[in-house]
């Protein structure tokens, strides 16, 4: 996830994107309120798919469902990003085109920098 954020810094610097993630929530703030607010207002939602994401009830059932609802309503573009090997193809997220496009999780690429660049470029292509 951090390598993808790093690849997108240049796009943020030149004003093409504004990124947000849960690590930006200040200490003492209600994290659930902040996350829900951002999911409801974002134009692009990245779902970082991993065994941990799929195992997390909050990520899968709350964040994921809100994101999919917004996708179906046409109010947000949702992009699953496959970080680690997991059985994500049996989930509702499988209906969406994922990145990397070949479906190989980022952790299985021989060059993770190239994988994260491929993902960052795919994100930018989908929002332009």
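The values are calculated or read from the model by the stated rules, or taken from the named source; none is laboratory data. Just so it is clear, the model here is predicted, and its values are computed rather than measured. Note that we place each Cβ from the backbone using ideal geometry, even for glycine, and neighbour counts take in every protein chain shown.
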Which numbered condition residue 93 misses (of (1) surrounded by 15 or more Cβ atoms within 10 Å (Cβ to Cβ); (2) out of contact with any strand residue (DSSP E or B) (no Cβ under 9 Å at 6 or more places or on another chain); (3) in contact (Cβ under 8 Å) with a residue 40 or more places away in the chain):
(2)
Of those in region 1-32 that are in contact (Cβ under 8 Å) with a residue 40 or more places away in the chain and in a helix (DSSP H, G or I), the residue farthest from residue 91 (Cα to Cα) is 11
Please state which of the following conditions residue 58 fails to meet, knowing it meets all the rest: (1) farther than 27 Å from residue 128 by Cβ; (2) surrounded by 14 or more Cβ atoms within 10 Å (Cβ to Cβ).
(2)
Give the residue that is nearest to residue 120 (Cα to Cα), with candidates limited to residues of region 33-43 that are surrounded by fewer than 16 Cβ atoms within 10 Å (Cβ to Cβ) and touching a residue at least 12 places away in the same chain (Cβ under 8 Å).
43
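Condition check ((1) modelled with pLDDT under 95; (2) within 21 Å of residue 119 (Cα to Cα)) across all residues:
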| site | (1), (2) |
| --- | --- |
| 19 | yes, yes |
| 32 | yes, no |
| 61 | yes, no |
| 70 | no, no |
| 87 | no, yes |
Which ranges mark the helices (runs of 4 or more DSSP H) fully within region 46-128 that have 1 or more residues being touching a helix residue (DSSP H, G or I) at 6+ places or on another chain (Cβ under 6 Å) and closer than 20 Å to residue 7 by Cα?
112-127
